[in-house]
Amino acid sequence: MSSSLHDVETRRGHAQCALTLLRVGLGCLFIYVFFENLRKGLYSPGGYSGLINYYITKGQGPQLLKSIMAVMANHATVAGPMQCVTEISFGVLLFIGLLTRPVALAAFFFLTTLWLAESGTAWTWELLMPMLVALALMIGAAGRKWGVDAALAKRYPRSILW
């Protein structure tokens, strides 16, 4: 009996290690994208509105999403920096494992929206896999291993945030 309990704990530990690797990897992806977009000028009003207008004209996303994107493109002076802060925040918070569950859920919705917007302009799996990773991180509480959330979970064990 005790060996089977040990096996379960060992497998759970291995699963947490795997989720941690995915968390750090997704965090690095967001950090990389932040610097790439910054270098390309995509957070500037012109760069941001140009990219969003490309998705509107070339993408096959739903019309409701295109309408929302048009509003964002028309307010690129605010929306561009908001996206900038969002992407670097997702990256850093996932990398260090702080507030992993809510950040992973927000990243899932962010990536899903981007996946819909890019529909027809990019390879389908390009964003589908990071979306699924973000969802798995939220479900698996990936910040509880080698992350700041581990310390917070010890102090506040009943919180669903970690």
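The values are calculated or read from the model by the stated rules, or taken from the named source; none is laboratory data. Keep in mind it's a predicted model, so treat the numbers as computed, not measured. Positions of Cβ are generated from backbone atoms using ideal geometry, with glycine treated the same way; all protein chains shown enter the neighbour counts. Just so you know, the surface numbers come from the protein's heavy atoms only, side chains and all, with ligands and any DNA or RNA stripped out. Shrake-Rupley method; radii C 1.70, N 1.55, O 1.52, S 1.80 Å.
Structure summary
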{"read-out": "0 to 90° range, to nearest 10: angle between helix 63-74 axis and the chain longest Cα axis", "value": "70"}
{"read-out": "Total charge dipole magnitude, the stretch 49-162, about the Cα centre, Cβ charges on Lys, Arg, Asp, Glu only, Debye to nearest 20", "value": "480"}
{"read-out": "Phi-based couplings in Hz for the stretch 148-154 (Karplus 6.51, -1.76, 1.60; Gly and Pro marked x)", "value": "4, 4, 4, 5, 5, 5, 5"}
{"read-out": "Long-range amide H partners of GLY61 with built H, under 5 Å", "value": "SER119"}
{"read-out": "Between helix 100-118 and the chain: long-axis angle, C-alpha atoms, 0 to 90°, nearest 10", "value": "30"}
{"read-out": "Length-normalised contact order of the stretch 1-142 in % [C-alpha pairs under 8 Å, at least 6 apart]", "value": "33"}
{"read-out": "The stretch 11-51: translational diffusion in µm²/s, Stokes-Einstein, Kirkwood Rh over Cα pairs, 37 °C, 0.692 mPa s", "value": "274"}
{"read-out": "Listed residues SER44, SER89, SER67, most fluctuating in the chain (Gaussian network, C-alpha, under 10 Å)", "value": "SER67"}
{"read-out": "Accessible-area composition of the chain, carbon plus sulfur, in percent [1.4 Å probe]", "value": "70"}
{"read-out": "Accessible area of the chain divided out per residue, in Å², using a probe of 1.4 angstrom", "value": "58"}
{"read-out": "Local net charge near LEU137, Cβ-Cβ under 9 Å (Lys/Arg +1, Asp/Glu -1)", "value": "+2"}
{"read-out": "Farthest toward positive dipole pole in the chain [+1 Lys/Arg, -1 Asp/Glu at C-beta], among GLY61, SER159, VAL85", "value": "SER159"}
{"read-out": "Top of PHE90, PHE34, PHE109 by mean-square fluctuation, Gaussian network on the chain, Cα under 10 Å", "value": "PHE109"}
